[in-house]
Amino acid sequence: MTLKPLLLGASSLFALGLAAHAETLTIATVNNGDMIRMQKLTDDFTAKHPDIDLEWVTLEENVLRQRVTTDIATKGGQYDIMTIGAYEAPIWAKQGWLAPLDGLGEDYDVDDLLPAVREALSVDGTLYAAPFYGESAMIMYRTDLFEEAGLEMPASPTWSFIADAARQVTDKENEIYGICLRGKAGWGENMAFITALANSMGARWFDMEWRPQFDSEEWKNATQFYVDLMNDAGPPGASSNGFNENLALFQSGKCGMWIDATVAASFVTNPDESTVADNVGFAQFPTYQDLDNHGNWLWVWSLAIPASSEKIEAAKNFIAWATSKEYTELVASEEGWANVPPGTRTSLYENEKYLEAAPFADETLDAMQAADTTNSSVQEVPYSGGQFVAIPEFQGIGTAVGQQFSAALAGQVSVDQALQSAQQLTEREMMKSGYIK
C-alpha cells in the first residue's frame, strides 16, 4: 500500500534534482521585433529541454554591439549565446573567439541556408554563426500618399525620383514626412544606410592603397544629398532615429517612404501593429544616374557561441531550435506565415503558404540576391562588406564617422566639416593600425 507514494516521492526528488542541475544559458540579443517574438516562444524549447534554463539580456543595437564585443575580446564570459551579424562572424572566427557550429542535428539542413547567408557566416567552409534572419535594404512606401500625389513608384527608382517624390509627399502641418532615414550615430545604424547610399552614388570608403576617400566628390555629393533631403522632407529630430524609431514613425503613418532593412516589411504590413498596413508598397534600393549599383546591403542577425563558453552543447541545442525549419513552422502557427523570420532559407521562398501571405517576399529575395558584398562600389575596393567594411577597425571608425554625419544632420556642423573630420579621424586610425604610412 505504501509503494506508490514512495515511488512518487522518488520521482519528485529526481525531478527536483534535474531542476537543481539545469544549465542556464545567458543570451545577449537585440531589442527588435523578431528577437522579442523568439523570447515569447521559448516555452517550446524549454519543454523539449527541461534541463536548460534561459536568461535574456535584451539591448538596444548600439549597446548590444559594444557589450558583446567587449565581453568576447576580454573573454569575460557573461554570455553563452551572442546575437551578432555578418560583420563580426568571420572576423571573430578567424581570431578563434567563436565555437564552430557543427553538429546542429540531422534535421537542421545546413544546405538549405541561402548561399550568400551561409558564406557570410562561415570561414573555410565552417559555419560559426547560425542565421536567425537575413536582410538587404529596400524602399517601403505609402501607396495611398503616392496615389494622392499622382506619383507611380518604379520597380527600380533613381535617387532623383525618390528625392522629388519625398518633397511632394511631405505635409509637415499634418506630421507627414516624405522620407524617414536613419540618423542615429553608429557603424550599424546611420552608417549602414549612409554607406549604402554612398556606394550607390559611386563612393568608396578606401582606395586600393587603403587611403580614406571622404575628401572625394562622390562622398560630398552623397552626404549633401542625404542632409538636404532629410532637412526638406524628413521628420524632426532625425539625428536620433535608428531602425526602431523609424519603424514606429512609419507604422503610425508619419512616413511617406522608408528605406531600410527588408526585415521591416512584415511589421509595416501587420494590421495589428501598423496603421498603414493596407497601403504599403515595395521597390528596390535606388540607383544614381547611370550607375548600376543598388547599395549592396546584406546583413544577417545570427546566433553564435563564444569559444570560451563552458556550455557549448547546450548552446548548440538552443541555436539549432531557434534557427531551424521547425521554428519557422512554430512562428507561422502562432503569428502567421507573413511574420516568420525571413532571408535565411531557400525552402522558405519555395513555400506557397509564405509567398501567398508575404507580399514582400519576392522583393526581399531579389534584394538579397542582388547584393554583391565583394564589389560594394562601382570603383575598385580592397575590402568586402556591403554597408560596412569587413576589417576589425571598422567598428570604431564607423561609429566615429557616424557621429560626424549625425552632427551634420542635426545642423551642429556643416557637411564639409563632417567630411573633413571623417577624413582626418579615419586616416589617423588607419595609420595607427598600419594600413597606411
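Please identify which residues in segment 40-71 have an amide N closer than 13 Å to a label point set 7 Å out from the Cα of E23, following the Cα→Cβ vector.
Hits in segment 40-71 for E23 at 13 Å: 49-54.
First select every other residue whose beta carbon is under 14 angstrom from the beta carbon of P50; then total the charges, Lys and Arg +1, Asp and Glu -1.
Values: positive: K48; negative: E23, D43, D44, D51, D53.
With Lys, Arg at +1 and Asp, Glu at -1, the net is -4.
For every helix of n ≥ 4 consecutive DSSP H residues, a contribution of -39,500 (n - 2.57) applies; sum these over the chain, divide by its total residues, and give [θ] at 222 nm rounded to the nearest 500 deg cm²/dmol. Could you put the intermediate results ahead of the total?
Values: 18 runs with 189 residues, N = 437.
About -13000 deg cm²/dmol.
How much net charge surrounds E23 when only the other residues with a Cβ under 15 Å from the Cβ of E23 are counted, with Lys and Arg +1 and Asp and Glu -1?
Details: positive: K48, K311, K316; negative: D51, D53, E55, D80, E310, E313.
Summing Lys/Arg as +1 and Asp/Glu as -1 gives -3.
For a test of the definition: using alpha carbon positions, the gyration tensor, and the 1.5 limit on a/c, classify segment 112-156 as rounded, prolate or oblate.
Prolate, because a/c is 1.5 or more and a/b exceeds b/c.
Please work out how much length the chain gains when fully extended from N221 to Q412, using 0.36 nm per residue of separation minus the C-alpha to C-alpha distance, in nm with one decimal. Intermediate values should be presented prior to the final figure.
Details: separation 191, 0.36 × 191 = 68.76 nm, distance 1.91 nm.
Answer, rounded to one decimal: 66.9 nm.
In nm, to one decimal, how far is the modelled label at E55 from the one at E119, with both set 7 Å along Cα→Cβ?
For E55 paired with E119, the spin-label model returns 4.0 nm.
Counting only protein heavy atoms, what percent of the accessible surface of the chain is carbon or sulfur at a 1.4 Å probe? Display every interim value, and only then the final one.
Working: 8650 of 18390 Å².
C and S atoms contribute 47 percent here.
Enumerate the calculated ³J(HN,Hα) couplings along segment 76-88 in order (Karplus 6.51 cos²θ - 1.76 cosθ + 1.60, θ = phi - 60°), each rounded to whole Hz, writing x wherever the residue is Gly or Pro.
In residue order, the calculated couplings are x, x, 6, 10, 8, 9, 10, 8, 10, x, 5, 6, 6 Hz.
Take the chain, mark every one of the GluC sites (Glu not before Pro) that falls in a DSSP loop and has at most 13 other Cβ within 10 Å, then report the longest stretch left between them, sites excluded. Could the numbers behind the result be given before it?
On the way: sites that count: E106, E152, E175, E209, E310, E380.
Looking at the chain, 1-105 is the longest stretch - no exposed GluC sites (Glu not before Pro) with at most 13 other Cβ atoms within 10 Å.
Which value, in Å², gives the accessible area per residue of the chain when a 1.4 Å probe is used on the protein heavy atoms?
Working: 18390 Å² over 437 residues.
On a per-residue basis, the chain sits at 42 Å².
What residues qualify as long-range amide H neighbours of G186, i.e. H under 5 Å apart, gap of 5 or more or another chain, H built at 1.01 Å from N?
Here M191, G402, Q403 satisfy the definition.
Counting only residues 5 or more places away or on other chains, whose amide H sits under 5 Å from the amide H of W56 once H atoms are built in the peptide plane?
I27
Would you work out if segment 41-108 is rounded, prolate or oblate? Take a ≥ b ≥ c from the square roots of the eigenvalues of the alpha-carbon gyration tensor; rounded if a/c is under 1.5, else prolate when a/b is larger than b/c, oblate otherwise.
Working: a/c = 2.05, a/b = 1.37, b/c = 1.50.
Here segment 41-108 falls in the oblate category.
Report the full-extension gain for the segment D43 to M208: residue separation times 0.36 nm, less the Cα-Cα distance, to one decimal in nm.
Net length gain for the segment: 54.3 nm.
Check T170: other-chain or 5+ apart residues with amide H under 5 Å from its amide H, H built from backbone geometry?
Placed amide hydrogens put G178 under 5 Å from T170.
Please report Rg (one decimal) and Dmax (integer) in Å for the Cα set of the chain.
23.0, 91
Residues with beta-carbon under 14 Å from that of S324, excluding S324: net charge, scoring Lys, Arg +1 and Asp, Glu -1?
On the way: positive: K48, K316, K325, R345; negative: D44, E106, D107, D109, D111, D112, E326, E329.
Residues near S324 contribute -4 overall.
Report the extension gain between E335 and Q424 in nm, rounded to one decimal, defined as 0.36 nm multiplied by the number of residues separating them, less their alpha carbon distance. Walk me through the intermediate numbers first.
Details: separation 89, 0.36 × 89 = 32.04 nm, distance 4.88 nm.
Gain on stretching E335 to Q424: 27.2 nm.
Using a 7 Å offset from the Cα along the Cα-to-Cβ direction at both E352 and Q369, what is the distance between the two label points in nm, to one decimal?
Label-label distance for E352 and Q369, simple model: 2.0 nm.
From the phi of every residue in segment 287-295, what ³J(HN,Hα) in whole Hz does the Karplus formula 6.51 cos²θ - 1.76 cosθ + 1.60 yield, where θ is phi - 60° and glycine or proline is x?
Karplus values, whole Hz, x for Gly and Pro: 10, 10, 6, 9, 7, 8, 9, 9, x.
Would you kindly calculate the translational diffusion coefficient of segment 175-251, applying Stokes-Einstein with the Kirkwood radius from alpha carbon pairs, for 20 °C and a viscosity of 1.002 mPa s, and quote it in µm² s⁻¹ without decimals?
Working: Rh = 13.2 Å.
In µm²/s, the coefficient rounds to 162.
The values are calculated or read from the model by the stated rules, or taken from the named source; none is laboratory data. As the structure is a prediction and not an experimental result, all values here were calculated from the model. Here Cβ is always computed from backbone atoms with ideal geometry, including for glycine, and neighbour counts include all displayed protein chains. Remember, those area values only see protein heavy atoms, side chains included, never the ligands or the DNA or RNA. Shrake-Rupley method; radii C 1.70, N 1.55, O 1.52, S 1.80 Å.
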